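The values are calculated or read from the model by the stated rules, or taken from the named source; none is laboratory data. As the structure is a computational prediction, the values presented were derived from the model and not from experiment. Quick reminder, even Gly has a Cβ in these numbers, built from the backbone with ideal geometry, and neighbours come from all protein chains shown.
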Amino acid sequence: MRSPLFEAYIEPARLYPEFWRLIVGVLVILLVYVGVFSTMLVAAYPVLGPLNYFGWIMGLSAPATPTQTLFVLASFLGMGLGVLIATPALHYREPGSLFGPLRDWARGFFGALKVLIPAYTALFALSWATIPLEANLYPATWVRVLPLALVLVLIQTGSEELLFRGYLQQQLAARFAWRAVWMGLPALIFAALHYNPAAGMNNVMVLVGILAFALAAADLTERSGSLGTAMGWHFVNNVSSLLFTSVKGTITGLALFVTPFDVTDTSSAPLAMAIDLIAILLLWRLLRALI
């Protein structure tokens, strides 16, 4: 049984639920995303100059400077824009229907922030007390880029939620009743796209944690009938992992601190990932109880 709120949430997607429209829609999103990213790459060339350009671009696979990280986050504008174009073009419905009712979205988003900011602050304090975190970005630089970084993290997480818990989940749920399809398939794709070759043997734990988050966000969307709670959680989670404490070898360019171990460490990293997985499950239960 699906919640009545979710049935109302996917109602606009029932108008044109044909599977071919979804496939073409995904291709449109991919095309817009690649187009925006390519435009950004071209625009960066005269700014960086020929001597610095290719080395800087190669570093985007594991952004270690503020400008590289801001660039990667900004590229998600293409993903969000692609979803907002594909939804009316292929399914003849308002892009706003991806968010759910505005009041429900706002209540879910800001309600999640109200609960999760203290929770993640406590997790950060626990990390500080138990792990010898290493200073990364100079505090003055961090404060200077923080406003822009927050906006771009919101764009990045919002774009991902619009695609995976909004567009894909809605359109699949309008077409298929089986939960493993409309909830599981977007979550699996979401996790697969986070595959990091540099993680080595730790990739399994990394992907399990990301899959758990994706399924939890999908469940919260189904239960609440809007993207608000999932979007709020994704935003706070990425602010924590990108702007406060990052794991070495990942996206560290905007992090105030980094862990003493890197993503390939098979002694300390798995324990930290297991703790993250437990935190995801506990926070999911907390947010679910508040809906």
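Would you confirm whether or not segment 179-187 contains a residue that is touching a Pro at 6+ places or on another chain (Cβ under 9 Å) and among the basic types (K, R)? Scanning segment 179-187, I find no residue that is touching a Pro at 6+ places or on another chain (Cβ under 9 Å) and among the basic types (K, R), so the answer is no. In summary, F110 fulfils each of the numbered conditions (1) within 20 Å of T157 (Cα to Cα); (2) surrounded by 15 or more Cβ atoms within 10 Å (Cβ to Cβ); (3) of a type in the set (F, W, Y) with the single exception of condition (2). Residues of segment 1-26 that are assigned to a helix (DSSP H, G or I) and under 19 Å from G82 (Cβ atoms): P12, A13, F19, W20, R21, L22, I23, V24, G25, V26. Answer yes or no as to whether V72 is under 24 Å from F6 (Cβ atoms), aliphatic (A, V, I, L, M), at pLDDT 95 or above and surrounded by 16 or more Cβ atoms within 10 Å (Cβ to Cβ). When the stated conditions are applied, V72 does not pass them.
Residues of segment 204-227 that are in contact with a Leu (Cβ under 9 Å, 6 or more places away or on another chain) and within 14 Å of Y9 (Cα to Cα): L220, T221, E222, R223, S224, G225, S226, L227. Only one of the listed residues (A149, A140) is surrounded by fewer than 16 Cβ atoms within 10 Å (Cβ to Cβ) and of a type in the set (A, V, I, L, M, F, W, C). That residue is A140. I'm trying to understand the selection: among the residues of segment 33-71, which are of a type in the set (V, I, T) and under 29 Å from A199 (Cα atoms)? V34, V36, I57, T65, T67, T69 - these are the residues of segment 33-71 that are of a type in the set (V, I, T) and under 29 Å from A199 (Cα atoms).
Pairs are defined by a Cβ separation below 7 Å, a sequence spacing of at least 6 or placement on different chains, a first member in segment 258-272 that is closer than 17 Å to N196 by Cα, and a second member that is acidic (D, E) and part of a loop (DSSP other than H, G, I, E, B); no pair meets this definition.
Listed here are the residues, each with its yes/no results for (1) closer than 16 Å to L163 by Cα; (2) of a type outside the set (D, E, K, R); (3) in contact with a strand residue (DSSP E or B) (Cβ under 9 Å, 6 or more places away or on another chain).
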position	(1), (2), (3)
E7	no, no, no
L22	yes, yes, no
V28	yes, yes, no
T39	no, yes, no
V42	no, yes, no
L48	no, yes, no
